[in-house]
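Values quoted throughout were computed directly from the atomic coordinates according to the rules given, and no laboratory measurement underlies them. Treat the numbers as computed from the prediction; the structure is a model and nothing was measured. Here the Cβ positions follow ideal geometry from the backbone for every residue, glycine too, while neighbour counts run over all protein chains shown.
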Amino acid sequence: MRIAVCPGSFDPITLGHLNVIERAGVMFDRVIVALAVNASKSVLLPPDQRRALVASAVSGMGQVEVAVVPGLLVEFCRQVGATAVVKGLRSGADLDAELPMALMNRHLSGIETVFIPADPAVTHISSSMVKDIARHGGPVDDLVPAGVGQAVRAAVLAARPHDH
């Protein structure tokens, strides 16, 4: 069985992420969407909520599951028997950021990284842009899976300083 891990913070999951996950599902028998928990990274949505939103978004994909990864990605890959890490690329800048991690993962564990170029229809979508648009009251529902826009808007409102 060919198992791939598709890691990310998914804060929030977008249609771009979903496109990469769906395409990985064609190439691998099992895809584990690995929610990275990075204490040094500021996130809008708590891990449990991100996990639930991702699980809902991939619920129709039988070979896809979701897991939270608290430690090193390569250790998680070893535990689940993954043969590859799958990452989506929107641009050369993404490759510049991802390539050193891919090489280090291979150095540490021998696991290969498979890069999937983003579909042109979703190349412009990023989690940070979705959050920024939501913070300014703009529409995000056409950038994210069902239910995610509402969760992002609620988190943005909750994070705003309240007037007394």
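Which of Gly62, Ser9, Gln79 sits farthest toward the positive end of the charge dipole of the chain, with +1 on the Cβ of Lys and Arg and -1 on the Cβ of Asp and Glu? Among Gly62, Ser9, Gln79, the one farthest towards the positive end of the dipole of the chain is Gln79.
Please identify, among Val64, Val85, Val43, the residue showing maximal mean-square fluctuation in a Gaussian network model of the chain using a 10 angstrom Cα cutoff. Largest GNM mean-square fluctuation: Val43. With only Cα atoms counted, the range 115-164 has Rg and Dmax values of 13.0, 49 Å. Sorted on the mean count of surrounding Cβ atoms within 10 Å across their residues, most packed first, peptides 27-35, 132-140 read 27-35, 132-140. Could I get the Rg over Rh figure for the range 51-139? Both from C-alpha atoms, Rh via Kirkwood, rounded to two places. Reported Rg/Rh, Kirkwood definition of Rh: 1.01. Could you pull out every residue, at least 5 positions away or on a different chain, whose amide H is within less than 5 Å of the one on Val33? Hs are placed 1.01 Å off N in the peptide plane, and Pro or chain starts have none. Hits under the 5 Å cutoff: Cys6, Glu65, Val66, Ala67. The distance between label points at Val114 and Asp29 comes to 1.3 nm (points 7 Å beyond Cα on the Cα→Cβ vector).
Measure out, as a whole number of angstrom, how far apart the alpha-carbon centroids of the range 1-32 and the range 106-128 sit. That distance is 9 Å.
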